[in-house]
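Enquirer: Structure provided below as structure tokens; questions to follow.
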Amino acid sequence: MKADPRGVLTGVHFIDGDHACCEGALAAGARFAAGYPITPSTEVVERFASRVPTVGGTFIQMEDELAASITLQGAVWGGAKAFTVTSGPGFSLMMEHIGYAAMTETPCVFVDVQRGGPSTGLPTLPAQADMMQARWGSHGDYEIIALCPNSPQECFDLTIKAFNLAEEFRVPVMFMMDEVVGHMTEKVVIPPADQIEVTPRRHTRKSVDNYLPYETNGDMVPDMAHAGEGYKFHVTGLTHDEHGYPNMTPPVQDKLVRRLQNKIRAAADRIAMFEEQNLGDAEVVVVSYGITSRVAQRAIDLARQKGLKVGKLRLITAWPFPENKIRELSLKVKAFVVPELNLGQMVHEVERAAAGKAKTFAVSHAGGSVHHPEDILKVIVEASR
Amino acid sequence: MSDLTNPVEPFLRSDRMPHIWCPGCGIGTTVNCFARALIESKIDLEHLALVSGIGCTGRVAGYVKLDSFHTTHGRAIPFATGLKLANPKLNVVVYSGDGDLSAIGGNHLIHAARRNIDLKVICVNNLIYAMTGGQTAPTTPGHAITSTSPYGTCEPAFNLPHLVEAAGAVYVARWTTFHVRQLARSIAEAFQKKGFSFIEVISPCPTLYQRRNKLGDGLDTMKYYKEKSKVRHGAPTSEAGLTMTGEIVVGKFVDRDRPDYQTLVRAQLAESLGDRFVEQAEMVCS
């Protein structure tokens, strides 16, 4: 369906990534946010707090991130599209509720504007070191979707995508920004509402008497009802059957947890988004995401000027990891070079998917600034030998 | 032929019986009182949602035939806050235990009371962590033996009515599971209030608390509740602290009015934004 025009600030704007993310959420139909202040993410909810009363919706600042990350889920079951926004330490506190959203199949978006860690780390400076936490941070087996914007424009466009994926798959979607993308100000074009596709809630069409909250119909994603509609359904974080009732037996656990995983894995190629450049003749492929992809672009251009056959693969979807794409490339290229603002996270996924068919080179960085393009170039040169 | 259906049966998920609670446990009694309060107040069940945290009382959500949410440990109140704010037409009840609400969830308890979110909180206080095997709770009275205080607790206990009154609750009452009629009446009364209402129910855990402390079985506990409870409506909550075998002050302690969170937010936004303020529409994003 088309976006509700009330939430769409159509026009050409000069805004930062945090503000663009907020506009993306409003355009996607988010009318509820719960947050807790934390640098460098707070501008997203500051703007939401200012904008949403003029659109019709609610922002509440909660007492901590534990609260924010479950308040938004209450709102979802009350009928809203909802999200929260945080950074490293707050993201750590939200992990239990990412698991709750995965287990109860609550469609929602968690925005993480990454900063340097561990612990309080570098509150005002960038990193990309929450990538594994986004995937594995809550206990137990589950799958999420994670997107990585590299510009304010993408903070707008991909926030809409994040909400759409959350609704389609009934899964928490991690929106993995970083401090630089969050605070970088660029041109952001917001199209008219009738050019923005939003995914409606998978609301059940069944009558109250025939509805089972966790029954699936072919595509592994059950349809939802909201509180107050007469369905009198039950939701629990315990292992549950199709009635939504606790059933803590190995067969029910096996069926449920495999479905939670497979509903995403089976759609991984469809969910995968990436930007590619010069992969046709490439011997070395630079795999990057977020702000690092923009630094890597400079390194790639310099390498091309030197006559090196370098291609670019920018991950827009980090999770599910687009392993088929890497596997396919690994049969054609010599090496992958993976710069990221951490000491080695997504590079392990690249290495796993390449499975020894091509070499993998990390260009690690502990965070606090972006890479110097020369540092990436050096590794490209080494990988090309 | 006479109707042999128990009057509370329509409020329960009979397909989930038998429940998991121990013989002599008071939680079932509180659920019975809750159902009777619903009958008495003729609440629209379609617009009633119940939210629980984790623990023995946390399982209430799984047994009531309502839109019901069994959330994470300590977080029933913030979940309920989101539910209520997104759909203000709902009556939202939080039904959970003392450890869930006042230890791991203590921060949310005081802040929801401070904001005066329109929630009805029923706190079943069995003075212990029961689901996990009888560990010390913030409500465990001094000297009581628990599995993690094998020589007796020495921490001062929370006086929950005093805590929530100080934090801003508009309705505060306490009963025991002996006071079934009074409890049902208090629950019904709380449904008439707009704002943060808190009803504490002192309830036995014969399996873990009473047994370890040689306080007898469920029946002995009922006798204790009967003999040692003192109804003091309007009593200062500072005088409602509990000891292991002493007096239990019960009654309605607080019944006052102040605007609830959503009323305040709407008034503020309407004043500040004027014509630009857009009332929250039905959020249902079908």
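Enquirer: At 7 Å along Cα-to-Cβ for each site, give me the label-to-label distance between A:S364 and B:T5 in nm.
Expert: Taking the two extended label points, one gets 6.6 nm.
Enquirer: What ranking do B:60-68, B:91-99, B:219-227 get when scored by the average of other Cβ atoms within 10 Å per residue, highest first?
Expert: Details: B:60-68: 24.6, B:91-99: 29.8, B:219-227: 15.2.
Top to bottom by mean Cβ count within 10 Å: B:91-99, B:60-68, B:219-227.
Enquirer: Within a 10 angstrom radius of each residue's Cβ in B:99-110, how many Cβ atoms of other chains show up on average? Whole number is fine. Numbers along the way, then the final one.
Expert: On the way: counts 0, 0, 0, 0, 0, 1, 2, 0, 5, 7, 0, 1.
Shielding by partners across B:99-110 averages 1.
Enquirer: P(r) for chain A, please, calculated from all Cα pair distances in 10 Å bins and given in %.
Expert: Binned Cα distances yield the sequence 5, 24, 32, 24, 11, 3, 0.
Enquirer: For region B:103-232, what value does the Rg/Rh ratio take when both radii are computed over Cα atoms and Rh is the Kirkwood radius, given to two decimals?
Expert: Radius of gyration relative to Kirkwood radius: 0.98.
Enquirer: On to the next question. Roughly how many nanometres apart are two label points built 7 Å out from the Cα toward the Cβ at A:V189 and B:E247?
Expert: 7.7
Enquirer: When the convex hull of the Cα atoms of region B:116-160 is projected onto a plane and the area is averaged over all directions, what value comes out in nm²?
Expert: Values: hull surface 15.4 nm².
The directionally averaged projection comes out at 3.9 nm².
Enquirer: Calculate I(q)/I(0) for region A:206-316 by the Debye formula, one identical point scatterer on each C-alpha and no solvent, and give its log10 at q = 0.13, 0.15, 0.16, 0.23 Å⁻¹ to two decimals.
Expert: Evaluating at q = 0.13, 0.15, 0.16, 0.23 Å⁻¹ gives log10 I(q)/I(0) of -0.67, -0.73, -0.77, -1.20.
Enquirer: Averaging over every viewing direction, what projected area does the convex hull of the Cα atoms of region A:144-285 cover, in nm²?
Expert: Values: hull surface 52.8 nm².
Averaged projected hull area, Cα only: 13.2 nm².
Enquirer: Sequence gap at least 6, Cα distance under 8 Å: using those rules, report the relative contact order of chain B to the nearest whole percent. Spell out each step's value before the answer.
Expert: On the way: 586 pairs, mean separation 49.1, N = 286.
Averaging sequence separation for qualifying contacts and normalising by length gives 17 percent for chain B.
Enquirer: The protein assembly as shown: percent of C-alpha pairs farther apart than 39 Å?
Expert: Working: 83364 of 224785 pairs.
Counting every Cα pair in the protein assembly as shown, those more than 39 Å apart make up 37 percent.
Enquirer: While we're looking at this one, here's another question. Could you list log10 I(q)/I(0) for region B:81-130 at q = 0.19, 0.27 Å⁻¹, which the Debye formula gives when each Cα is one point scatterer?
Expert: Values, matching the q order: -0.64, -1.06.
Enquirer: Taking the DSSP beta bridges in region A:1-134 as the whole, what percent of them are antiparallel, to the nearest 5? Write out the running numbers ahead of the final one.
Expert: Values: 2 of 12 bridges.
If we restrict to bridges inside region A:1-134, about 15 percent are antiparallel.
Enquirer: Sticking with this structure for a sec: Consider just the alpha-carbon atoms of region A:275-384 and return their Rg together with their Dmax, both in angstrom.
Expert: Gyration radius and largest Cα-Cα distance of region A:275-384: 12.3, 35 Å.
Enquirer: Okay, moving on. Taking the dipole about the Cα centre of chain B, with the C-beta of Lys and Arg at +1 and of Asp and Glu at -1, give me whichever of B:L90, B:V164, B:F11 is farthest to the positive side.
Expert: So the residue we want is B:V164.
Enquirer: To continue, here is another question. Using mean Cβ contacts within 10 Å as the protection proxy, how do B:265-272, A:91-98 order, highest first? Don't skip to the answer; put the middle values down first.
Expert: Values: B:265-272: 13.5, A:91-98: 22.8.
Ranking the peptides B:265-272, A:91-98 by packing returns A:91-98, B:265-272.
Enquirer: To the nearest Å, what is the center-to-center distance of region B:196-243 and region A:253-292, using C-alpha atoms only?
Expert: 57
Enquirer: Can you give the convex hull volume per residue for the Cα atoms of region B:1-132, as a whole number of Å³? Walk me through the numbers before you get to the answer.
Expert: Details: hull volume 15.4 nm³, N = 132.
For region B:1-132, the hull spanned by Cα atoms encloses 117 Å³ per residue.
Enquirer: Can you tell me the order of A:248-259, A:275-286, B:20-31 when each peptide is scored by its average per-residue count of other Cβ atoms within 10 angstrom, highest first? Intermediate values should be presented prior to the final figure.
Expert: Working: A:248-259: 13.0, A:275-286: 17.9, B:20-31: 20.2.
Put in order of decreasing packing, that is B:20-31, A:275-286, A:248-259.
Enquirer: Given charges of +1 on the Cβ of Lys and Arg and -1 on the Cβ of Asp and Glu, with all other atoms neutral, how large is the dipole of region A:148-272 about its Cα centre, in debye to the nearest 20? Each step should come with its number before you reach the end.
Expert: Values: 14 positive and 18 negative charges, 79 e Å.
Rounded to the nearest 20 debye, it is 380 debye.
Enquirer: Note down the accessible area of B:C154, probe 1.4 Å, to the nearest 10 Å².
Expert: Number for this one is 130 Å².
Enquirer: Choose one of B:I199, B:A112, A:Q128: the residue whose Cα lies farthest towards the positive end of the charge dipole of the protein assembly as shown (beta-carbon charges +1 Lys, Arg; -1 Asp, Glu; about the Cα centre).
Expert: Farthest towards the positive end: B:I199.
Enquirer: Using a simple charge model, +1 on the beta-carbon of Lys and Arg, -1 on the beta-carbon of Asp and Glu, nothing else, what dipole does region B:93-199 show about its Cα centre, in debye to the nearest 20? Working shown, then result.
Expert: Values: 8 positive and 6 negative charges, 81 e Å.
Charge dipole of region B:93-199: 380 debye, to the nearest 20.
Enquirer: Over region A:5-195, what per residue volume does the convex hull of the Cα atoms give, in whole Å³?
Expert: Values: hull volume 18.1 nm³, N = 191.
Output value, Cα hull per residue: 95 Å³.
Enquirer: Would you calculate a helix-derived [θ] at 222 nm for the protein assembly as shown, using -39,500 (n - 2.57) for each DSSP H run of n ≥ 4 and dividing by the full residue count, to the nearest 500? Working shown, then result.
Expert: Values: 21 runs with 225 residues, N = 671.
Estimated from H runs of four or more residues: -10000 deg cm²/dmol.
Enquirer: Sticking with this one: Once each part is reduced to its C-alpha centroid, what is the distance from region B:138-194 to region B:1-72 in angstrom?
Expert: That distance is 20 Å.
Enquirer: Something else now. May I ask you to derive the FRET efficiency for B:K228 and B:L264 from their Cβ-Cβ distance with R0 = 41 Å, giving the value to the nearest 0.05?
Expert: The formula returns an efficiency of 0.50 here.
Enquirer: Based on a Kirkwood Rh over C-alpha pairs, give the Stokes-Einstein translational diffusion coefficient of region A:53-163 at 37 °C and viscosity 0.692 mPa s in µm²/s. Walk me through the intermediate numbers first.
Expert: Details: Rh = 14.8 Å.
Value of D from the Cα-based Kirkwood radius: 222 µm²/s.
Enquirer: Enter the mean number of other protein chain beta carbons within 10 Å of the beta carbon of each residue in B:270-276, as an integer. Provide the component values of the computation, followed by the final result.
Expert: Numbers: counts 1, 0, 1, 3, 0, 1, 3.
Going residue by residue through B:270-276 and averaging, the value is 1.
Enquirer: While we're looking at this one, here's another question. Taking each residue of A:194-207 in turn, how many C-beta atoms of other protein chains fall within 10 Å of its C-beta, and what is the average?
Expert: 1
Enquirer: Average projected area of the Cα convex hull of region B:9-258, in nm²? Before the final figure, lay out the partial values.
Expert: Values: hull surface 46.8 nm².
One quarter of the hull surface, i.e. the mean projection, equals 11.7 nm².
Enquirer: Based on Cβ point charges of +1 for Lys and Arg and -1 for Asp and Glu, what charge dipole magnitude is obtained for region A:275-384 about its Cα centre, in debye rounded to the nearest 20? Working shown, then result.
Expert: Details: 15 positive and 13 negative charges, 43 e Å.
It works out to roughly 200 debye.
The values are calculated or read from the model by the stated rules, or taken from the named source; none is laboratory data. Source: prediction; values computed, not measured. As a convention, Cβ positions derive from the backbone with ideal geometry for all residues, glycine included, and neighbour counts pool all protein chains shown. Heads up: the accessible areas ignore ligands, DNA and RNA and are worked out on the full protein's heavy atoms, side chains in. Shrake-Rupley method; radii C 1.70, N 1.55, O 1.52, S 1.80 Å.
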